[in-house]
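Comments concern the structure below.
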Amino acid sequence: MRMSALFGRTLRETPADIDHPPLRLMLRAGLARLTPGAITWLPVGVRVLRRLETIVREELTHIGAQEIRFPLFRPLIALDLAPGSLAPALSTLECTDRSRRSLTFAPADPTIIASLATGEIASYRQLPVLLHQMHPAYCSDCRASWLRESLAWTVYTLNSSTSEREETGARVHTAIERIFRRCDIQLMSVEAGSIEGNGSAPRAYVAISGYGDTDLLICESCGYAAVQEAARTALGSAPGALPAGDTSDHPEEIATPDCATIADLARFCGIPESATAKAVFFDSPERGLIFAVIRGDREINLKKLCTAAGISTLTPARSEQINAIGAVAGYASPVGLQNRTPDRVLVVADPSVTAGSPLIAGANRHGYHLRNVIYGRDWRADLIADIALARAGDPCMNCSAPLRQTTGLTIGYATRSNVFTPDATFLDREGVTRPIAMASFGIYLERLILTIIEQHCDQAGIIWTPETAPFDVHLIRLGKHDATREAADALYDELIAAGIAVLYDDRDDTAGVKFNDADLIGVPLRLVISDRFLSDGLVEIKQRATGAITKTPRQEIIAEVRNTGLFS
RNA sequence: CGGGGCGUGGCGCAGCCUGGUAGCGCACAGCGUUUGGGACGCUGGGGUCGUGGGUUCGAAUCCCUCCGCCCCGACCA
């Protein structure tokens, strides 16, 4: 590719409000642009995407997976989605077509796989089967708008049993690890969900990144690692601190003016936040008002609460709902609620408030709290479940060492869905109809590229690895002599003829501009052909990664380029 | 969903407070001088100042609406 004709220039400056160094490099190097709300890939960036696609395809083919392609939009009525059956981090969009049919953008919809399996799979002889597709994806609760839309690669496995599903899952895991290794990025596989049935827990592939969007808890003692929302701890029934001098055998009302928050209350009473009980209200489609109680210093894990209460989503409760059960916002507690029936409110308590010492809780009266509140004596929950969000310092599930918190960028996931689609069945050896066991895996390409850049760059720009680079060689022509120009043009043609992908800087710019652009774009090998060296018949070769420079006779260039091993 | 910030040629910004001919740097075009680490001189083109409304003789500037982008929060009982 001649740079004089390349669409998409390099940038000296980037938009000031981009606070993400890998993305800045991506924009400055001319790989992509930020169009409102999303990334638009430019030719150089598309070449990187193509290289990644090649890597992914090769590795998936290697484990026997076959490529398919889904439709992007589906009539809503065709989808009968079980909650959580979509891949994590993906969510659906709804839209309407001209005849006002509701459509959903669900390009990785597992029900398609189910219906395909129904039509194509009839016998255990056809299983297992591994399928994969590349598709756009949309993640509406992604923090950065430019990461919401992405290119994803999804792998589905269809299996005759859960043990076979584990076996194919291990194969896919191997392929994914090989893909990441070929991209030369460091990342970890972490727990990303609860363990389902006799399968293993969903996992996420996460790069440790300074600019990540996933909170992680890791144990440096035993290696346990999980996304915060899925992290399990040995916390269980750790008792709360006993408020000093509290010995009475019944709750006692105390005046606590202007103490509508836990922090205020703890300060006012001179007690730690862990000696209080906190009440949090949510609304849910399935159960209506949810009244969650947890120790004052802990936060509620919304996902755990959803699972425990058997509901799909939680939204903050409306004040009418709270008032209807006689609770007083700011001073609410489960003690002495009125109109409390399971169909009006579901009280869920964390073990931190049911197994511990007496706590201070709201009195359901403005300006008052109760102290010496004891679970079982003074109140009861409809459901006791671990709904606490794990945090740094909590004891590790396996070895009780304190967990450390960090952030990462989620690049992929693995779920072994326990959902057997009823219609997708096969006949086993004994002629018995059985459901197909499915699992899915995914990789997000934008995030993969950002991680490669973050882990392979310096002050001057990107340093592509040979396998992921947009070009193999960056050829620079310096000087204006016709002979130099002709020699450079000839070398360009020769490299292409040798099957080498070349970015040829044939522009009439100064050396500084060209060198800086070359460093920024980060092609592994830089060739310079100039007035200065042409007279000696020499071409300069510089490795971007090491900075090593050699001068090679013009005739030996192709062989020398091959010798470096720096092209794929 | 809440809070904060921003929106002015392609990019980065100034101008707004205190209303009065829309500016600077980069990039772009032409000419000349340069040419191994983001050169220099001269000349030139390009902007309904995010949208809609209001105040005013006059609005980029003051007021309101909406839209978009960025950051932070989402746990308050």
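Looking at A:6, A:23 in this structure, which one is aliphatic (A, V, I, L, M), outside the structural domain of residue A:128 (by TED's automatic domain parsing) and either over 22 Å from the mean Cα position of the chain (by Cα) or surrounded by fewer than 18 Cβ atoms within 10 Å (Cβ to Cβ) (or both)?
Only one candidate qualifies: A:6.
Restrict the check to the stretch A:506-528 and report whether at least one residue is under 39 Å from the mean Cα position of the chain (by Cα) and of a type in the set (Phe, Trp, Tyr).
Among the residues of the stretch A:506-528, at least one is under 39 Å from the mean Cα position of the chain (by Cα) and of a type in the set (Phe, Trp, Tyr), which makes the answer yes.
Pairs, please: C-beta under 7 Å, at least 6 apart or cross-chain, first residue of a type in the set (Lys, Arg) and in the stretch A:378-398, second open to solvent by 20 Å² or more (accessible area, probe 1.4 Å) and within 15 Å of RNA strand B (Cβ to nearest atom)?
Final answer for the pair search is A:391/A:405.
Residues of the stretch A:496-545 being over 19 Å from residue A:465 (Cβ atoms) and near RNA strand B (Cβ under 6 Å from one of its atoms), which ones?
A:510, A:511, A:512, A:513, A:515, A:516, A:517, A:528, A:530, A:532, A:533, A:540
Return the residues of the stretch A:253-283 that are among the β-branched types (Val, Ile, Thr), open to solvent by less than 50 Å² (accessible area, probe 1.4 Å) and either at pLDDT below 80 or under 36 Å from the mean Cα position of the chain (by Cα) (or both); say none if nothing qualifies.
A:262, A:276, A:280 - these are the residues of the stretch A:253-283 that are among the β-branched types (Val, Ile, Thr), open to solvent by less than 50 Å² (accessible area, probe 1.4 Å) and either at pLDDT below 80 or under 36 Å from the mean Cα position of the chain (by Cα) (or both).
Could you list, in sequence order, the residues of the stretch A:376-391 that are over 30 Å from residue A:227 (Cβ atoms) and either within 15 Å of RNA strand B (Cβ to nearest atom) or not basic (Lys, Arg) (or both)?
Across the stretch A:376-391, the qualifying residues are A:376, A:378, A:379.
With respect to the numbered conditions (1) in contact (Cβ under 8 Å) with a residue 40 or more places away in the chain; (2) part of a loop (DSSP other than H, G, I, E, B), which one is the sole condition not fulfilled by residue A:25?
Single failed check for residue A:25: (2).
Return yes when residue A:548 is more than 6 Å from RNA strand B (Cβ to nearest atom), under 25 Å from residue A:48 (Cβ atoms) and either surrounded by 16 or more Cβ atoms within 10 Å (Cβ to Cβ) or not small (Gly, Ala, Ser) (or both) and no when it is not.
Considered against the rule, which asks whether it is more than 6 Å from RNA strand B (Cβ to nearest atom), under 25 Å from residue A:48 (Cβ atoms) and either surrounded by 16 or more Cβ atoms within 10 Å (Cβ to Cβ) or not small (Gly, Ala, Ser) (or both), residue A:548 comes out as no.
Report whether or not residue A:469 is within 30 Å of residue A:525 (Cβ to Cβ), at pLDDT 95 or above and among the hydrophobic types (A, V, I, L, M, F, W, C).
yes
Within the stretch A:409-432, can one find any residue that is polar (S, T, N, Q), within 25 Å of the chain's Cα centre (by Cα), more than 16 Å from RNA strand B (Cβ to nearest atom) and farther than 30 Å from residue A:120 by Cα?
no
Looking only at the stretch A:28-43, count how many residues are under 29 Å from residue A:141 (Cβ atoms), more than 9 Å from RNA strand B (Cβ to nearest atom), outside any strand (DSSP E or B) and open to solvent by 20 Å² or more (accessible area, probe 1.4 Å).
Of the residues in that region, 0 qualify.
Within the stretch A:273-286, track down each residue that is in contact (Cβ under 8 Å) with a residue 60 or more places away in the chain and near RNA strand B (Cβ under 9 Å from one of its atoms).
A:276, A:277, A:279
Output the residues belonging to the stretch A:420-478 that are of a type in the set (D, E, K, R) and touching a strand residue (DSSP E or B) at 6+ places or on another chain (Cβ under 8 Å).
The answer is A:428, A:434, A:446, A:447, A:454, A:472, A:477.
Could you please let me know if residue A:147 is within 16 Å of RNA strand B (Cβ to nearest atom) and surrounded by fewer than 21 Cβ atoms within 10 Å (Cβ to Cβ)?
Taking the combined requirement at face value, the residue satisfies it.
This table checks each residue for (1) in contact with a helix residue (DSSP H, G or I) (Cβ under 8 Å, 6 or more places away or on another chain); (2) open to solvent by less than 10 Å² (accessible area, probe 1.4 Å); (3) free of Cβ contacts under 8 Å to residues at least 24 places away in the same chain.
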residue	(1), (2), (3)
A:441	yes, yes, no
A:453	yes, yes, no
A:457	yes, no, no
A:474	yes, yes, no
A:496	no, no, yes
A:499	no, no, yes
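The values are calculated or read from the model by the stated rules, or taken from the named source; none is laboratory data. Quick caveat: nothing in here was measured; it's all calculated off a predicted structure. Glycine also receives a Cβ, built like all others from the backbone with ideal geometry; neighbour counts cover every protein chain displayed. These accessible areas exclude ligands, DNA and RNA; they are computed on the full protein's heavy atoms, side chains included. Shrake-Rupley method; radii C 1.70, N 1.55, O 1.52, S 1.80 Å.
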